[in-house]
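These notes are about the structure you will find just below.
The values are calculated or read from the model by the stated rules, or taken from the named source; none is laboratory data. Just so it is clear, the structure is predicted and the values come from calculations on it, not from any experiment. Cβ placement follows ideal geometry from the backbone for every residue including glycine, while neighbour counts extend to all protein chains displayed.
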Amino acid sequence: MHSFTQLCTTLNTCVNGLTVALLLSGCSSLRNEVDPSQLGLASPKLVISGYLSPQDTTLAIKVIRSNTVVGDSLSQLQTGNDITDATVTLSDGNKSVQLQYTSTRPTDSTRQSYYSASAQLLPILAGRTYKLSVVTANGQRASSTCTIPAPVKLKSITFDSLTQNQGRSLVRRYFIKALWTDPARQDNFYQLVGYFRYRSKLDQIGNFPLTYDDDNRGLLTDEGLDGTVLVSGRSFLTSTTFKTNESTSFYGQYQTASVTVNLMSVEQTYYRFQEAVIRQRRVRNNPFAEPVLIPSNIEGGLGCFAGYNNATTTFTLK
């Protein structure tokens, strides 16, 4: 369950853009008002997100209805599109389990609503295919399948720094990279996530997610690199500003420090969906950019249902 919320965040931020019928943007002087009744707007669709992993303790599927957008801003979208009365079923071909609707409000006050069940009721195993079925009370139906990839372990994590001029001072930025050997003769797709945890000399505790400086922020494919050692982008942890004649040390800042890197082997479906979301975020405020189509593997709806397998490595820095 620990990774479901993290993985679904990207879907929740772009999901309404999947059924945009018209988005009027650009110069207001070029805009003509149109009666919405003349647009022939598409009816709302089921939007589903779910990711299965052998490491998760909870099976969780998000089910909502899409909004059709007519206006100048995505901020005009209505909320409250959760579907609470659907029948959501997961099956491995031999055994099936029905997920129950759950709504919680964590400490950050953001409500999280999804259908869930204990993973003990339907173990998630590498190489196995799982089918998702969603049927709403008014008869809408959607379905999808996913297959769980095999895990790939990290080979090593390297720790390094670079120094940059910043006016009269220098800035030293500390970062890590992850390395792993790609399995040969097969297409592989990866997502890197993780955390930097520390206790400072002032007894302050920090726990921050890792971000990567490659084009797709830790989302990678082995295309053109099959069977080789793959290297992630840099994930910057912290920085220190100092004068030319001063010395600085990463280790002098902390009592303890470590990074936990999760190398997720993901399905192509997951890769294509997340890669499109990243491209959409880059251009969505540009009225002259070409639209980005978000792929979907949901039959009868929109969204992404995919499998992944997580290999975790913790690297102690101090």
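A few remarks follow.
- The range 159-179: number of residues that are in contact (Cβ under 8 Å) with a residue 12 or more places away in the chain and either of a type in the set (K, R) or more than 17 Å from V193 (Cα to Cα) (or both): 12
- Any hit, the range 158-180, residues being in the same structural domain as S249 (by TED's automatic domain parsing), of a type outside the set (D, E), surrounded by 13 or more Cβ atoms within 10 Å (Cβ to Cβ) and within 18 Å of Y270 (Cβ to Cβ): yes
- Subset of the range 206-250 [of a type in the set (A, V, I, L, M, F, W, C), under 20 Å from T181 (Cα atoms) and without any contact (Cβ under 8 Å) to a residue 60 or more places away in the chain]: L219, L220, L225, L230, V231
- Filter result for L202 (out of contact with any helix residue (DSSP H, G or I) (no Cβ under 9 Å at 6 or more places or on another chain), of a type in the set (A, V, I, L, M) and at pLDDT below 95): yes
- Qualifying residue in the range 130-137 (condition: without any contact (Cβ under 8 Å) to a residue 60 or more places away in the chain, closer than 30 Å to K45 by Cβ and hydrophobic (A, V, I, L, M, F, W, C)): yes
- Residue within the range 186-197 that is farther than 19 Å from L220 by Cα and either free of Cβ contacts under 8 Å to residues at least 40 places away in the same chain or not acidic (D, E) (or both) present: yes
The rows are residues; the columns are (1) closer than 22 Å to N297 by Cβ; (2) charged (D, E, K, R); (3) under 24 Å from the mean Cα position of the chain (by Cα); (4) modelled with pLDDT under 95.
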{"site": "S73", "(1), (2), (3), (4)": "no, no, yes, yes"}
{"site": "T107", "(1), (2), (3), (4)": "no, no, yes, yes"}
{"site": "S118", "(1), (2), (3), (4)": "no, no, yes, no"}
{"site": "V134", "(1), (2), (3), (4)": "yes, no, yes, no"}
{"site": "R141", "(1), (2), (3), (4)": "yes, yes, no, no"}
{"site": "S144", "(1), (2), (3), (4)": "yes, no, yes, no"}
{"site": "S161", "(1), (2), (3), (4)": "no, no, no, yes"}
{"site": "Q166", "(1), (2), (3), (4)": "no, no, no, yes"}
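- Qualifying residue in the range 199-222 (condition: over 20 Å from the mean Cα position of the chain (by Cα) and either crowded, with 17+ Cβ neighbours inside 10 Å or of a type in the set (K, R) (or both)): yes
- The set of residues from the range 189-199 being closer than 19 Å to G233 by Cα and in contact with a helix residue (DSSP H, G or I) (Cβ under 9 Å, 6 or more places away or on another chain) comprises F189, Y190, Q191, V193.
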